[in-house]
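The values are calculated or read from the model by the stated rules, or taken from the named source; none is laboratory data. Keep in mind that what you see is a predicted model, and the values were worked out from it rather than measured. Here Cβ is always computed from backbone atoms with ideal geometry, including for glycine, and neighbour counts include all displayed protein chains. Protein only, heavy atoms only, side chains kept; ligands, DNA and RNA dropped before computing areas. Shrake-Rupley method; radii C 1.70, N 1.55, O 1.52, S 1.80 Å.
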Amino acid sequence: MTPMAEKQKREDPERGERLRGLAAVDEVLREPAARELLERYPRALVVDAVRAVVARLRAEILAAGAAGEASAAQAADLTAAALVPWVTRLVEAAVTPSLRRVINATGVVVHTNLGRAPLPREAVDAVVTAASGYTDLEYNLARGERASRQDHVHDVLCTVTGAEDALVVNNNAAAVLLALAATARGGEVLVARGQLVEIGDGFRIPDILRESGAELVEVGTTNRTYLKDFEEAWTARTRAVLRVHTSNYRIVGFTAEPALEELAGLAHAHGAVLVDDLGSGALAGLPLFGEEPALAASIAAGADVVTFSGDKLLGGPQAGVAVGRAATVAAMRRHPLARALRIDKLDLAALDAVLRLYLDPRRALAEIPTLAALAAPIDEVRGRAGRLRALLIGGGVPGDRLELVDTVARAGAGALPVTEVPSVAVAVSVDGDAARLAAALRRGAPAVVCRLHDGRLLFDLRAVRDAELDALAGAALAALA
Ligand SMILES: *Cc1c(COP(=O)(O)O)cnc(C)c1O
């Protein structure tokens, strides 16, 4: 607002009166309830909260439009005593950790905005151990000397992927960046035009590639690219071929791309490397993962580095895994960026535990929540939906408002974009505004994020675990009450 407009607004008699009625910061601080806050919390925190409340109300009064337009400031009591509860809420919110537990009733199993993969019990225990005391993170206890944090996951990664060498970093974007920086900095990298993926939130593989210090050379057309396109694009400066799994979309119909073996052969004939970014990198042998390129196939085809995420279909912590040939992985390990992109100890502890579950594929399926959620037979999901419905009826919701409906769940995080996972939801018919109820559910403890469809709330049970059912029912009953 310009100073002139602000002056005019202040001169509006009604507005002027409300501004004069708004308590001053000092006045609020003298209130008995505010003094109690000052005893419990640092003065600076309380004073900041009072200032924020007064400033917000002041701004609302100034911004209020023509008479009759409703606003919180117009409705509110503006005395010092009335402002204290707002201050209390702000102070309490400030000292409470921001990250909150959420029950994921969306049917999107690996939900990036909800933190991707929940960890199996073994990994949670490993994180607690690593977080609560000292560990042998970079220390060889047998020899009593310095070691690498990579040692904890190196061998198990080679075992479960069949690769010669392995390195883990902060996330898959970091793994791609490091692979290209270590192999192609100052040179050119060939990428098929149809594979220039935007990962999510506006982040794009071509931009990551440029940040590695290599130059992107697009090859072929959006739908069809042949080996000869790569051959023709090859120059004395070409250092690498990057194959990107189009993890979050599909180009279907009239398409072609060279086999990985051909790309590896071409790269190796020129002393260059083939980098294969798989995105999710499904290690589990679930039939559902049939659409995902197999990691072992990439290694067998001769890819020098294959990269994938720790927290997508692997079902582990945020991490980027790079496996492949010893010479290339060693170059990544030695690169200065490796230090900047290194995995933190809590994620490493979780990854260590998750990878060991993969040594026994049946255990992996049973105990890794992401895999269990995706692999659960539809009848198991239907049974869970039936139990939720019974809990809601037990809590007083009329049965005729609760219907079990067939839904389509998704793997999420861009993985398996065209795979529809059958699922079942409890659909709740509500009086009035379903969106308002959904908002109340999001503000609950635990928070619940569900779907809205045709004015009904849909609780999809594909990504909900049995152990969460009571809490989900409790939260739903509280919101419906
Ligand atoms: C998800 C994805 C990435 C990024 O992985 P993060 O672990 O989220 O950094 C990179 N490439 C592809 C193809 C992906 O699908």
ask   = Excluding ligands, DNA and RNA, what is the solvent-accessible area per residue of segment 382-470 at a probe of 1.4 Å, expressed in Å²?
value = 46
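Using 0.36 nm per residue, how much length does the chain from residue 477 to residue 14 gain when fully extended, once their Cα-Cα distance is taken away?
The residue 477-residue 14 span can extend by a further 162.4 nm.
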note = For the chain, the longest principal axis of the Cα atoms and the Cα long axis of helix 172-184 enclose an angle in degrees, to the nearest 10, of 40
remark   = With +1 on the Cβ of every Lys and Arg and -1 on the Cβ of every Asp and Glu, the dipole magnitude of segment 121-367 about its Cα centre, in debye rounded to the nearest 20, is 320
inquiry  = Once each part is reduced to its C-alpha centroid, what is the distance from segment 384-451 to segment 17-52 in angstrom?
reply    = 42
query = What ranking do 256-262, 165-171, 385-391 get when scored by the average of other Cβ atoms within 10 Å per residue, highest first?
reply = 165-171, 385-391, 256-262
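Rounded if a/c is under 1.5, else prolate if a/b is larger than b/c, else oblate: which is segment 374-480, with a ≥ b ≥ c the root eigenvalues of its Cα gyration tensor?
Values: a/c = 1.65, a/b = 1.42, b/c = 1.16.
It is prolate, given that a/c is not under 1.5 and a/b is the larger ratio.
Leaving ligands, DNA and RNA out of it, report the carbon-plus-sulfur percent of the accessible area of segment 374-480 at a 1.4 Å probe. Provide the component values of the computation, followed by the final result.
Numbers: 2420 of 4780 Å².
Here it works out to 51 percent.
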Cβ-Cβ FRET estimate between residue 433 and residue 297, R0 fixed at 60 Å, reported to 0.05 = 0.75
task = Mind pulling the angle between the C-alpha long axis of helix 121-132 and the longest principal axis of the chain? Nearest 10 degrees, somewhere in 0 to 90.
result = 70
ask   = Can you give the FRET efficiency for residue 51 and residue 344, using 1/(1 + (r/R0)^6), R0 = 41 Å, r = Cβ-Cβ distance, to the nearest 0.05?
value = 0.70
note = Placing one equal point scatterer on each C-alpha of the chain and summing with Debye, one gets log10 I(q)/I(0) at q = 0.13 Å⁻¹ equal to -1.15
query = Given a 1.4 Å probe and the protein chains all in place, what does the accessible area of residue 254 round to, in Å² to the nearest 10?
reply = 140
ask   = Measuring with a 1.4 Å probe in the full set of protein chains, what accessible area per residue, in whole Å², belongs to segment 121-367?
value = 44
key: Percent RCO, i.e. relative contact order, over segment 121-367, from Cα pairs under 8 Å lying at least 6 residues apart   = 27
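Return the FRET efficiency for the residue pair residue 128, residue 193: r is the Cβ-Cβ distance, R0 is 51 Å, and the value is rounded to the nearest 0.05. The partial results should precede the final answer.
Values: r = 47 Å, r/R0 = 0.91.
Once rounded, the FRET efficiency stands at 0.65.
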key: Full-stretch length increase - residue 81, residue 25 - with 0.36 nm per residue and alpha-carbon distance subtracted   = 19.0 nm
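For segment 395-481, what relative contact order do you get, as a whole percent, if you take Cα pairs closer than 8 Å and at least 6 residues apart?
Numbers: 116 pairs, mean separation 23.7, N = 87.
It comes to 27 percent, rounded to a whole number.
Taking all pairs of distinct Cα atoms, average 1/r, flip it, and tell me the Kirkwood hydrodynamic radius of segment 121-367 in Å to one decimal place. Working shown, then result.
Working: mean 1/r = 0.0541 Å⁻¹.
For segment 121-367, inverting the mean 1/r across all distinct Cα pairs yields 18.5 Å.
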query = With contacts defined as alpha carbon pairs under 8 Å and 6 or more residues apart, what's the relative contact order of the chain in percent?
reply = 18
key: Helix-only mean residue ellipticity at 222 nm for the chain, each DSSP H run of n ≥ 4 adding -39500 (n - 2.57), per residue, nearest 500   = -13500 deg cm²/dmol
query = Would you list 466, 347 from the most to the least accessible area, probe 1.4 Å?
reply = 466, 347
request  = Kindly give the semi-axes, whole Å and largest first, of the ellipsoid equivalent to segment 12-144, taking each as the square root of 5 times a Cα gyration tensor eigenvalue.
outcome  = 47, 23, 11
query = Relative to the longest principal axis of the chain, what angle (0 to 90°, nearest 10) does the C-alpha long axis of helix 260-269 take?
reply = 60
ask   = How much length, in nm to one decimal, is gained on full extension between residue 420 and residue 270, taken as 0.36 nm per residue of separation minus their Cα-Cα distance?
value = 49.8 nm
